[in-house]
Amino acid sequence: MKALVIDRIHEDGIALLKQFCEVDVRYPLAREEFAEVIGDYDILIGRATPETGSIQAPMLERSGRLKVIGIASVGLDQFDLEYIQSKNIKLINLPGVNSISVAEHAIALLLSGIRSIVPAYQQMKNGIWNKHGFPNAMELHGKTMGIIGFGNIGKKVGQIAKHGFGMEVLAYDPYIGKSEIMEAGAQPAYFEDLLVQSDVVSIHAPLTEETYRLFGKKEILQMKKDAVLINVSRGGIIDEEALYECMAKGHLLFAGIDVQEKEPCDDLPLFSLDNFISTPHIAGLTSDALRRAGIQIAKECLEYLGV
Ligand code: NAD
């Protein structure tokens, strides 16, 4: 058997594949070349943000013996699922594989924001010992965390907020039952109630037509003036211009995001604000999650082929 690996996959996953098949690791691989060589392989392994670009027609026209595509991450929004299915190829991804990493990143943004870690250190490096310069610093204990989208990641953030910090947790998720929310230790809430009542709002819903710009000016202004907004889910769910306008006028204590509407992104009006932090879509990229994903995707593809 032969496997083609077209993205950065953890070495332990590659080692596992090598126990059972011949493995070619080739990235970046131009789309034309991919289309030419793919017919030699039984297994294709990549990631949701593929170096080769998303797998679309006609890349698999000559897929010949290809039986399984393994995606060592979560989202499949970039793949032409119908086309892949029409080729009778099994597509495997790993829902939840990096949930812990993403949830912890949401908390990292939150803590760094409410305790002004980045500006305090920047000032200190510049010789400013600003001991009394951060009077808005706050505790999380006893405050209310509102979670939008209570799936794998939302639930983990809720657990950390409740058990780690002693917060009350509200959850808005129209696609799961109230009992599921309550069993996970949160209170179900309507969207507007959550906005009004929460001290921290953390977004963990997928980007859909319904969630696109779910947070516009109106919604941001419904939040408490000194609330915190965190988004590690997808850019586009927050209207970045509206967020800037509201924050520039003093609404919100802090906002932290890992995802931008257009990525890569090296400039936003928001970057000029001291109470805003952004990271370049790295929430899921810990060594632990990458290793877990590499091993698991190799295992699941081999299992599918009966190895
Ligand atoms: P999940 O599918 O387990 O949970 C998503 C939840 O959102 C579901 O419970 C769903 O019912 C809910 N939802 C759907 N539409 C909604 C709406 N209109 N309003 C409120 N809730 C809604 O997914 P997950 O694994 O928890 O991941 C959540 C999102 O995080 C993903 O969609 C992805 O966009 C993002 N993500 C980001 C990174 C990163 O590196 N920043 C990594 C992984 C995932």
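Considering the stretch 70-107, the residues that are touching a Phe, Trp or Tyr at 6+ places or on another chain (Cβ under 8 Å) and over 17 Å from His10 (Cβ atoms) include one that is nearest to the ligand (Cβ to nearest atom), namely Leu91.
Look at Gly39 and say whether it is within 23 Å of the chain's Cα centre (by Cα) and either within 23 Å of Ile14 (Cβ to Cβ) or not hydroxyl-bearing (Ser, Thr, Tyr) (or both). Spelling it out, it is not the case that Gly39 is within 23 Å of the chain's Cα centre (by Cα) and either within 23 Å of Ile14 (Cβ to Cβ) or not hydroxyl-bearing (Ser, Thr, Tyr) (or both).
Candidates Val196, Val169, Val228: the one that is of a type in the set (A, V, I, L, M) and touching a residue at least 40 places away in the same chain (Cβ under 8 Å) is Val228.
Tally up the residues in the stretch 160-189 that are assigned to a helix (DSSP H, G or I) and within 12 Å of the ligand (Cβ to nearest atom), please.
Filtering the stretch 160-189 down to residues assigned to a helix (DSSP H, G or I) leaves 160-165, 178-183.
Still in the running and within 12 Å of the ligand (Cβ to nearest atom): 180-181.
Result for the stretch 160-189: 2.
Tell me the helices (runs of 4 or more DSSP H) entirely within the stretch 1-116 that contain at least 2 residues that are aliphatic (A, V, I, L, M) and closer than 30 Å to Val200 by Cβ.
Qualifying helices (runs of 4 or more DSSP H): 99-114.
For the stretch 145-159, filtering for residues that are in a helix (DSSP H, G or I) and near the ligand (Cβ under 6 Å from one of its atoms) leaves 3.
Among the residues of the stretch 162-183, some residue qualifies, meaning at least one is of a type in the set (Val, Ile, Thr) and touching a Phe, Trp or Tyr at 6+ places or on another chain (Cβ under 7 Å).
A short reminder: the numbers here are calculations on the coordinates, not readings from a lab. Fair warning: this is a prediction, and the values are worked out from it, not measured in the lab. In this analysis, Cβ positions are derived from the backbone assuming ideal geometry, glycine residues included, and neighbour counts consider all displayed protein chains.
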